[in-house]
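Below is one structure, written out as structure tokens, with a few remarks after it.
The values are calculated or read from the model by the stated rules, or taken from the named source; none is laboratory data. This one's a predicted model, so the numbers in the text were calculated from it and none came from an experiment. For neighbour counting, all protein chains shown are included, and Cβ atoms are generated from backbone atoms with ideal geometry for every residue, glycine included. Accessible surface is based on the protein model in full, side chains and every heavy atom, while ligands, DNA and RNA are left aside. Shrake-Rupley method; radii C 1.70, N 1.55, O 1.52, S 1.80 Å.
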Amino acid sequence: MICDFLIIGGDGDLAFRKLYPALYHLDRDQCLPACLKIISVSRTRHTAKAFSQKTRDMLIAQLGDNKPDAPTWKRFNARLSHYALDASNEAELSRLAHTVLNDRSRDLVTYLATPPDIFAPICQSLWAVGLVRDNMRLVIEKPLGSSRESFNAINNSLTDIFDEHQIYRIDHYLGKETVQNLLTLRFANSLFEPLWSNNYIDHVQITAAETIGTGGRWPFYDEAGALRDMVQNHLMQLLCLLAMEPPASLDARAVHDEKLKVLRSLAPLTGRDVADHTVRGQYAAGTIEGQSVPSYQQESDATGTSGTETFVAIKASINNWRWAGVPFYMRTGKRMQRRFCEIVVQFKKLPHAIFPEQAHQNSANRLVIQLQPEEGIRLYLLNKVPGLDESFPMENVSLDLALSEAFTGRRVPEAYERLLFDVMRSNSTLFMRADQVEAAWQWVDDIADGWKQQKQKSLPYMAGSNGPADSIALIARDGRRWQD
Ligand code: BG6
């Protein structure tokens, strides 16, 4: 089991917001081996005391009212150390490699919490100082390029040094409890699998709506836009989990192979199809939860006029036997009316109605998998409204499974806890293999190229709304509607 956890970029936002809190929780739950050391590296100098204080402060901010409990903090703090050095500089890294990290028998997890443009020099340096070895694993996360080509360039610089099985590419959505539960729902219950195809499913909707704007990272976001920031990774990973064939086992390779097949079966969107099947939007000023918010172009760190999309809706098709004819509608946006992430599986209507009401009301079943803010599952079933009415009135009523109520008293771990724990256990099932990321980029690149060629503009939508009217039209053209 792992003994050293090296975080390069250990003084950055990702480390303080996600990594230390996740490691702290794992420590509290007794999931870290006694000998594990957490070694932070960044160029910023801190005394041991100041670094520990900063970590504690950030932890308190993250934990809200729950202050770190004293014994856990004591144990956690004893694991922590910080070194001010440039990890891409061999001479500087070498000192660490020959002192703190010199025991080659200890497993080593190295997390690159840095911008991807310095992955290559850091990995070269890790290799040059002898830290790359069989019992070492490398963790990276998005943005993994901005196109298939740039992803391949980043990836090649890693695979020159590491074997694929040593590289853990994080998509934090895969660590979310409900996302993992998708696997359970589909492959541990006999109820759904027979219905899970174009025989019974009319269409699927995947929505990830946020109320936040660009969150103080306008220049980065403006380069990416919603397509690269959310669709290429999070939404497409959800689509894979929903659409993949049952894997032979939970083994990483079996799961990755099935997800890859889905990505490769996606009908490419090119040329005119892009305009017909996608909608781009950008938020204008508006009001969210009673607060006025500026437009995307007027965000305080905006650096100019921009056509970048903060909203995207896509109608995707999967060309295989299971899914032919079933549209997968995906949409994501910033500054939307409310924050929610939901999957809607809409079943087909019955072929024949025996009840009078059924003919003119929505009589199809619907499964809603809610990822956030609350985590749960709702299955809508038609029920007879109690009473003596001869016309047999019916209503769609939901069977609700709220995770927090079904498992009272159990804390739902944050995505990074699961993912970091899995890296330590060398389990890459919930990570992305390179060929998946590449296939997802290929699909997204076609859309981005189509937008460019067709000069498809981002349509304005009011902050606090559900996106541009054209996104409603996108699904309405098929006689359907978004489930908001
Ligand atoms: C990140 C995106 O990957 O996911 C952000 O870069 C987005 O723009 C975030 O806000 C959403 O994550 P979550 O877990 O809050 O849904």
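Ile60: among the β-branched types (Val, Ile, Thr) and within 22 Å of Gly175 (Cα to Cα), yes or no? So Ile60 fails the test.
The criterion of at least 1 residues that are open to solvent by 20 Å² or more (accessible area, probe 1.4 Å) and among the small types (Gly, Ala, Ser) is met, among helices (runs of 4 or more DSSP H) falling completely within segment 16-103, by 48-63, 70-79, 90-97. Restricted to segment 404-428, and to residues there that are within 30 Å of Arg253 (Cα to Cα) and among the polar types (S, T, N, Q), the residue that is farthest from the chain's Cα centre (by Cα) is Ser426. Considering segment 160-174, and only residues there that are out of contact with any Phe, Trp or Tyr (no Cβ under 9 Å at 6 or more places or on another chain) and buried (at least 19 other Cβ atoms within 10 Å of the Cβ), the residue that is farthest from Met424 (Cα to Cα) turns out to be Tyr173.
Answer yes if at least one residue in segment 350-371 is surrounded by fewer than 13 Cβ atoms within 10 Å (Cβ to Cβ), within 16 Å of the ligand (Cβ to nearest atom) and farther than 30 Å from Pro268 by Cα, and no otherwise. Checked segment 350-371: no residue is surrounded by fewer than 13 Cβ atoms within 10 Å (Cβ to Cβ), within 16 Å of the ligand (Cβ to nearest atom) and farther than 30 Å from Pro268 by Cα.
Restricting attention to segment 214-227, the residues that are more than 9 Å from the ligand (Cβ to nearest atom) and within 17 Å of the chain's Cα centre (by Cα) add up to 2. Just one residue in the set Ser157, Ser197 is of a type outside the set (A, V, I, L, M, F, W, C), in contact (Cβ under 8 Å) with a residue 12 or more places away in the chain, open to solvent by 10 Å² or more (accessible area, probe 1.4 Å) and not in a helix (DSSP H, G or I); that residue is Ser197.
Do we have Asp276 as of a type outside the set (Ser, Thr, Tyr), open to solvent by 50 Å² or more (accessible area, probe 1.4 Å) and farther than 21 Å from Lys457 by Cβ here? So Asp276 does not fit the description; no.
Where helices (runs of 4 or more DSSP H) fall entirely within segment 390-484, those with at least 1 residues that are more than 30 Å from Arg338 (Cβ to Cβ) are at 415-424, 434-454.
Within segment 219-242, residues that are touching a residue at least 40 places away in the same chain (Cβ under 8 Å) and closer than 19 Å to Pro115 by Cα have Cβ atoms under 8 Å from residues that are charged (D, E, K, R) and in a helix (DSSP H, G or I) in these pairs: Tyr221/Asp229, counting only partners at least 6 apart in sequence or on another chain.
If you take the residues of segment 175-194 that are part of a helix (DSSP H, G or I), open to solvent by 30 Å² or more (accessible area, probe 1.4 Å) and closer than 18 Å to Ala243 by Cα, which of them is farthest from the ligand (Cβ to nearest atom)? Out of the qualifying residues, it is Pro194.
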